[in-house]
Amino acid sequence: MFGRDSTQSDSICQSDEFHNSDHYHGPETFNSKNLALQAQKKILSKMATMAVANLLTDDTSSEILDELYKASREYTKSKKEAHKIIKDVIKIALKIGILYRNHQFSPEELETVERFKKKMNQAAMTVVSFYEVEYTFDRGILSELLLECRDLLHELVEHHLTTRSHGRIDHVFNHFADVEFLAELYGSNEDYRLYLRKICDGINKLLDEGVL
């Protein structure tokens, strides 16, 4: 049964944690595409299926994840924590992609998928709008949208994934919905502004392509 596989996939990547120094300054070679490929390979080898291909490994998605990593590293002052956040994003996306492509969702759950897509689209457009239109940023509004996305994901995978996966969903969305993090991201700091510009450039591409 798929439930057994999805539980099994929750145990992967426990032996490949990053052993980087927790200092966030200095050069490093973080690449979300390589991280996604690594996670995908491990999950697919555990599940003996090729149902998921090229998920999160396209250039645009990888660029967005790279910039989210940099912003998270800057905010947390921890490479290890920033790595963990992005790894959790990738693991969640892969597992949901596997469930979806293997037709594991019920008709009611597919309705939740559509609600999640619409909410993510709304959140993505809000991220870009707050960046492009001066003096419109409202961290409370954006935080609420992201937390609504989190709650929809919990609802979607309630009968499919383990408590550990639910914890990863909380870890990711609680971080990105943190109003203090959002305030820094949309603040005047030049580094954050650069990260945000590249994130929004990527989101605009995905919106144009109908991915978001």
**Complete:** If the chain between H154 and V211 were fully extended at 0.36 nm per residue, the gain over the current Cα-Cα distance would be 18.4 nm
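With a cut-off of at most 11 other beta carbons within 10 Å, and DSSP calling the residue loop, which chymotrypsin sites (Phe, Trp or Tyr not before Pro) in segment 98-207 qualify? Please list them. Could the numbers behind the result be given before it?
Numbers: sites: Y100, F105, F116, F130, Y131, Y135, F137, F173, F176, F181, Y186, Y192, Y195; in loops: F105, Y135, F137, Y186.
Qualifying residues, ordered by number: Y135.
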**Item:** Spin-label pair H103/K77, simplified geometry with 7 Å Cα→Cβ offset, distance in nm
**Value:** 5.3 nm
**In segment 104-212, GluC sites (Glu not before Pro) in a DSSP loop with at most 16 other beta-carbon atoms within 10 Å** = E134, E158, E209
**Prompt:** Pairs K95/K119; K84/K205; K77/K117; K79/K119; K80/K117: which exceed 24 Å Cα-Cα?
**Reply:** K84/K205; K77/K117; K79/K119; K80/K117
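A short reminder: the numbers here are calculations on the coordinates, not readings from a lab. Since the structure is predicted, the reported quantities are computational estimates derived from the model, not experimental observations. Here the Cβ is made from the backbone with ideal geometry for all residues, glycine too, and neighbour counts use every protein chain on show.
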